[in-house]
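Working notes, structure below.
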Amino acid sequence: LTVSATKYRHLRYSHTDRGASTFPMILPLLISSLTLSPAANAFASPRSLFTHSLLFRETPSSSSSSSPSRGITSRTHGPYHRTYHRHVRDFLAASPSSVVTGEDSSSISNNNDGESSFSPEDIFEQFAQFLIEHQTSMIAEIEQTDGSGVAFSKDGWGAFENGNGDNSKSGGITRVIQGGDVVEKGACSLTVIRNGVLTADRAATIRGRQEGSVDSGDGDSDDLVIQEGDIYSAAALSVVLHTRNPFVPTFRSDVRIFLVKSAEKDGGAVAWFGGGSDLTPYYLVDQDIIDFHTHLKKMCDDHLTDDDNLSYRQMKQSCDEYFYLPARSEHRGTGGIFFDDVPATPNTYGFVREVARGWMPSWLPVVRKNGGREYTDEEKHWQCLRRGRYLEFNLLYDRGVKFGLADANPRVEGVMVSAPPKIAFDYNHVPEVGSEEERLLEILKTPKDWI
């Protein structure tokens, strides 16, 4: 299997005066000299929890110390008439002037024997570099689409505290936009953990997850038995976009990799991918949800093989199961895909990378169609009520948030960065019979297959 450099290379963006205005939750780390040119939300397994900069607070052996750490307000909700800039997102070959000379670092190939010439460590480094590059371009795209001129803040910690990534240390960058015309609040964060040491409890938990992980078909996931004292590294990019207009769904997505190296000399290493992408609408525009799921299914069909033991249907079901509020008997949104414990291979690397590359192409068409739609104060209030459910899920059920807040010294702002900007809790609110609000609730109580 060869991930074609030509096919998957994408246009690089120039970011004039955008250094301090990147977007929401996870900023890519600047690792090696490779030339590649989306959090406290939805992390299902203990080894996925690294995605928040405050998780895994066991001091990595080579990392520097980390940095420390509603009711509805009155507003006139008029229509937003803006010309949204369409960006070229096709995965075309980049022009020679836009790429540093050398082999495209996004390409992972196999040797003549059909075996991957890249170790789990190699895949980790290339994926981490991809996250850095992708977050930068994605932030520029969202800022331009928002059009308000509001810039993303930048909060670096650890290796990124002074703006320079050190690929031997742990760190991350949280980017947040607040008060935009399209994105009322958004977060995009990068977290990179290097050379952490597993405790006995975490090693046991990971072994349990390892036994239930997706079988890659080659037995790799069973080659290394995770033990106390093994060394772990992790990298993740996560994005949450809470929209101002209630007719544009909240968008959430993440991709992540977790690497474990045996503490024994020549003991081997193993890595897994996780991630997903989903929508939380406030008013159902059926065709928008259908188009979103169609995008995801095509991506899965194009980039997964039978050997990967993954499919759109499986991941859609996992997404529905995870984003569920049992106390309410409601699902949080209309779903998408969700996957975890996927062995890192050249092919799954290509798939997970395409998940991230597809974030904006799957969501921006909805923004362009409905971002300027007029809405009433009552419709905005309904959006805030549903945002309350979003926060409920994060605080009560999201394993990443719960784990992060339970830490002895959590970066609370980093954990809670995915929270909506404004929420509402009305006692025993019941939608009007036959209303669009009631129709949404019916779908959330009984998820449907959109395609």
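Rule-based calculations on the coordinates, nothing more; no lab input. Since the model is a prediction, treat every value here as computed from it, not as a measurement. Positions of Cβ are backbone-derived with ideal geometry, glycine not excepted, and every protein chain shown enters the neighbour counts.
Values computed for the structure shown
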{"item": "Packing-based ranking, highest mean first, of 386-395, 292-301 given that Cβ atoms within 10 Å are counted", "result": "386-395, 292-301"}
{"item": "Residue-count net charge about L237 - beta-carbon cut-off 12 Å; Lys, Arg +1, Asp, Glu -1", "result": "+2"}
{"item": "Rounded if a/c under 1.5, otherwise prolate or oblate - region 259-313, Cα gyration tensor axes", "result": "oblate"}
{"item": "Cβ crowding within 10 Å averaged over residues, with 261-273, 312-324, 335-347, 242-254 ranked highest first", "result": "242-254, 335-347, 312-324, 261-273"}
{"item": "Net charge of Cβ neighbours under 10 Å - reference K261; Lys, Arg +1; Asp, Glu -1", "result": "-3"}
{"item": "Relative contact order computed over region 330-451 (Cα-Cα under 8 Å; 6+ residues apart), in percent", "result": "37"}
{"item": "Region 154-204, dipole about Cα centre (Lys/Arg Cβ +1, Asp/Glu Cβ -1), debye to the nearest 20", "result": "160"}
{"item": "Neighbourhood charge, 11 Å Cβ-Cβ cut-off, centred on D449 and excluding it, Lys, Arg +1 and Asp, Glu -1", "result": "+3"}
{"item": "Relative contact order computed over region 253-323 (Cα-Cα under 8 Å; 6+ residues apart), in percent", "result": "22"}
{"item": "Too-long pairs where the Cα-Cα distance tops 25 Å, listed order kept, from K154/K261; K261/K316; K298/K448; K369/K448; K185/K402; K185/K448", "result": "K154/K261; K261/K316; K185/K448"}
{"item": "Unit charges at the beta carbon, dipole of region 234-338: most positive-side option, L259, Y312, V248", "result": "V248"}
